[in-house]
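Read through the structure below, which is laid out as structure tokens, and then see the notes.
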Amino acid sequence: MDPTAGARKLQTLRSLMTGHTDRNDERRILDLLEGATAVELNHLLLNVDLSALFSDVDDRVVGPNHRTELLELLCVKRASELGLPVRAALVFALQKGVTHELAERMLRALFLGLRSRELTDFKNLLDGRGNSHDLQQLLFHDVDDEHIRQDILAHIRQEAESAPSGENKVLSDIDDTFLANWKDTRYPPKTVYPGVLQFYRELDRGPGIIPGREGDLTFISARPRDPLGFIEDRTLATLREHGVGPAVMLSGAFTHLLGNARIAAMKFENFSRYVQLYPEYGFVFTGDSGQGDVAFGERMLQEHPESVRAVFIHDVVDTPESVRQKWRDQRIFFFDTYVGAAVEAFEVGVIAQDGVARVARAAQEDIGRVPFDSEAQRQARLDELARDLLRAQALAPLI
């Protein structure tokens with residue numbers, strides 16, 4: 001692309017979008033985009049406010065339907081010339097506000113125009129913004145037309161059969177799993193558990209020599225979701241403040257806040273949708289023993305035995321060893337520290353051996369920063385960690 005020509009076209013486009021855009025301006029915008037080379041078109045769309053562009057160009061009761069023409073140009077006729085980030089940006093713009101019938105048809109065209117690994121990468125881009133406007137929100141809430149939704153899901157399912165990712169999506173609860181925040185009094189309130197962040201990284205990395213793609217962490221929580229997504233966005237921001245990288249949030253509902261059975265049912269409803277979005281992946285879940293996660297994990301394994309690799313349960317209610325063993329036989333592994341979780345994860349084949357060592361080192365570093373309420377509390381947790389470190393050392397002597 002000639003940089004000068006590209007800059008000139010971008011300046012022209014922005015100028016046409018400034019102030020009132022009449023039908024003549026709209027026609028010039030369409031002509032500019034139609035006449036742009038593939039490289040120029042990608043450059044223009046990455047450097048202009050697409051939401052504003054779609055708002056500026058109108059359909060009329062009497063007169064030209066320029067918005068329809070614009071969307072068909074970008075989402076259908078020239079979509080194959082656009083890079084995945086540009087196609088994702090088109091989805092973000094279409095997702096803003098109320099998603100009308102025309103926008104939903106364009107969303108279908110964008111999804112059905114992608115195949116195999118490109119479709120997987122596209123979905124992960126849509127889930128990578130770190131806010132409530134994620135892939136599940138798009139397909140199960142913003143898209144109202146059931147036929148369009150099913151067309152997209154059928155395409156996702158068909159493409160997954162020919163292109164399995166070979167990787168796992170890492171699902172986790174938050175309260176008493178990521179940080180002490182409900183029943184767990186063994187740590188000061190709001191403490192991020194020693195080693196948990198590294199445990200997520202190792203699950204995301206996978207068991208192979210070559211690491212899997214980063215960014216496959218999804219939190220599935222009983223915390224309610226409000227219609228505008230403010231609670232979900234705030235929860236994601238809080239997780240980032242505590243060191244979590246890119247993540248997706250699947251929230252609950254106010255009606256499911258009471259009772260472990262309701263919490264488990266809400267989580268499973270979210271998971272059932274999530275499986276439809278990523279059928280090419282396996283799944284690993286980490287939860288706790290205090291709030292319905294065992295029942296949720298059991299149902300995951302019962303209804304999706306080929307997809308769910310393992311369930312890890314942070315024990316906050318002193319579950320007896322005999323009960324733990326019963327669950328272990330069903331691939332539900334109880335643990336006291338994230339070093340213990342890493343040992344179980346290695347033995348079931350979802351993290352690498354050197355990943356156990358990395359979790360062990362991280363847990364040892366993290367526990368030294370915990371402001372325990374008493375020396376007795378500190379010593380109890382150190383003893384717990386020391387016990388699991390012995391198990392880890394048997395697998396990875398360099399710990």
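The values are calculated or read from the model by the stated rules, or taken from the named source; none is laboratory data. Since this is a predicted model, take the numbers as computed values, not measurements. So basically every Cβ, Gly included, is an ideal-geometry build from the backbone, and we count neighbours across all protein chains shown.
I'm told Thr68 meets every condition in (1) surrounded by 14 or more Cβ atoms within 10 Å (Cβ to Cβ); (2) of a type in the set (Ser, Thr, Tyr); (3) without any contact (Cβ under 8 Å) to a residue 24 or more places away in the chain except one. Can you identify the failing condition by its number?
All conditions are met except number (3).
Given the residues Ala362, Ala352, which is the only one that is touching a Leu at 6+ places or on another chain (Cβ under 9 Å) and either aliphatic (A, V, I, L, M) or under 19 Å from Thr177 (Cα atoms) (or both)? Can you show your working first?
On the way: Ala352 fails: touching a Leu at 6+ places or on another chain (Cβ under 9 Å).
Of Ala362, Ala352, the one residue that is touching a Leu at 6+ places or on another chain (Cβ under 9 Å) and either aliphatic (A, V, I, L, M) or under 19 Å from Thr177 (Cα atoms) (or both) is Ala362.
Considering only the range 215-246, state which residues are surrounded by 17 or more Cβ atoms within 10 Å (Cβ to Cβ) and at pLDDT 90 or above.
Listed by number, the residues that qualify are Asp216, Leu217, Thr218, Phe219, Ile220, Leu239, Val244.
Exactly one of (1) under 28 Å from Asn124 (Cβ atoms); (2) over 26 Å from the mean Cα position of the chain (by Cα); (3) of a type in the set (Val, Ile, Thr) is unmet by Thr286. Its number?
Checking Thr286 against (1) under 28 Å from Asn124 (Cβ atoms); (2) over 26 Å from the mean Cα position of the chain (by Cα); (3) of a type in the set (Val, Ile, Thr), the one that fails is (2).
Quick one: Val91 ticks every box in (1) crowded, with 20+ Cβ neighbours inside 10 Å; (2) of a type in the set (Val, Ile, Thr); (3) over 26 Å from Arg14 (Cα atoms) bar one, so which box is it?
(3)
How do the pairs read when you match residues in the range 336-356 that are in the same structural domain as Asp288 (by TED's automatic domain parsing) with residues anywhere that are among the basic types (Lys, Arg), using Cβ under 6 Å and keeping only pairs 6 or more apart or on different chains?
Val343/Arg391; Val350/Arg309
Run down Val39, Val48, Val76 and say which single residue is in a loop (DSSP other than H, G, I, E, B) and surrounded by fewer than 19 Cβ atoms within 10 Å (Cβ to Cβ). Please lay out each step first, then the result.
On the way: Val39 fails: in a loop (DSSP other than H, G, I, E, B); Val76 fails: in a loop (DSSP other than H, G, I, E, B).
Sole residue among the options that is in a loop (DSSP other than H, G, I, E, B) and surrounded by fewer than 19 Cβ atoms within 10 Å (Cβ to Cβ): Val48.
Is there any pair linking a residue in the range 80-96 that is in contact (Cβ under 8 Å) with a residue 12 or more places away in the chain to one that is of a type in the set (Gly, Ala, Ser), with Cβ under 6 Å and at least six apart or on different chains, and which?
The qualifying pairs are Glu81/Ala38; Ala93/Ser51; Leu94/Ala103; Lys96/Ser51.
Do you know which residues across the range 149-184 are surrounded by fewer than 20 Cβ atoms within 10 Å (Cβ to Cβ), free of Cβ contacts under 8 Å to residues at least 60 places away in the same chain and touching a helix residue (DSSP H, G or I) at 6+ places or on another chain (Cβ under 9 Å)?
If the condition is that a residue be surrounded by fewer than 20 Cβ atoms within 10 Å (Cβ to Cβ), free of Cβ contacts under 8 Å to residues at least 60 places away in the same chain and touching a helix residue (DSSP H, G or I) at 6+ places or on another chain (Cβ under 9 Å), then Arg149, Asp151, His155, Ser162 are the ones that fit.
Given the residues Met249, Met266, which is the only one that is crowded, with 19+ Cβ neighbours inside 10 Å and under 24 Å from Leu125 (Cα atoms)? It would help to see each step written out before you state the result.
Numbers: Met266 fails: under 24 Å from Leu125 (Cα atoms).
Among Met249, Met266, only Met249 is crowded, with 19+ Cβ neighbours inside 10 Å and under 24 Å from Leu125 (Cα atoms).
Got at least one residue in the range 129-142 being surrounded by fewer than 20 Cβ atoms within 10 Å (Cβ to Cβ), in a helix (DSSP H, G or I) and at pLDDT 95 or above?
No, the range 129-142 contains no residue that is surrounded by fewer than 20 Cβ atoms within 10 Å (Cβ to Cβ), in a helix (DSSP H, G or I) and at pLDDT 95 or above.
For the range 185-196, which residues satisfy the criterion of being touching a residue at least 24 places away in the same chain (Cβ under 8 Å) and either touching a helix residue (DSSP H, G or I) at 6+ places or on another chain (Cβ under 7 Å) or in a loop (DSSP other than H, G, I, E, B) (or both)? Give the steps one after another, and end with the answer.
Restricting attention to the range 185-196, the residues satisfying the condition of being touching a residue at least 24 places away in the same chain (Cβ under 8 Å) are 186-188, 191-196.
Selection gives Arg186, Tyr187, Pro188, Thr191, Tyr193, Pro194, Gly195, Val196.
How many residues are touching a residue at least 12 places away in the same chain (Cβ under 8 Å) and assigned to a loop (DSSP other than H, G, I, E, B) if we restrict to the range 20-36?
Residues in the range 20-36 being touching a residue at least 12 places away in the same chain (Cβ under 8 Å) and assigned to a loop (DSSP other than H, G, I, E, B): 2 in total.
Would the range 197-210 turn up any residue that is in contact (Cβ under 8 Å) with a residue 60 or more places away in the chain, touching a Lys or Arg at 6+ places or on another chain (Cβ under 6 Å), surrounded by fewer than 17 Cβ atoms within 10 Å (Cβ to Cβ) and part of a helix (DSSP H, G or I)?
no
Take the range 337-350 and flag every residue that is closer than 13 Å to Tyr200 by Cα and in contact with a Lys or Arg (Cβ under 7 Å, 6 or more places away or on another chain).
Val350
Checking the conditions here, which among Ala109, Ala103, Ala88, Ala93 is of a type in the set (A, V, I, L, M), outside the structural domain of Asp31 (by TED's automatic domain parsing), more than 23 Å from Ala154 (Cβ to Cβ) and assigned to a helix (DSSP H, G or I)?
Details: Ala109 fails: more than 23 Å from Ala154 (Cβ to Cβ); Ala103 fails: more than 23 Å from Ala154 (Cβ to Cβ); Ala88 fails: more than 23 Å from Ala154 (Cβ to Cβ).
After applying the criteria, what remains is Ala93.
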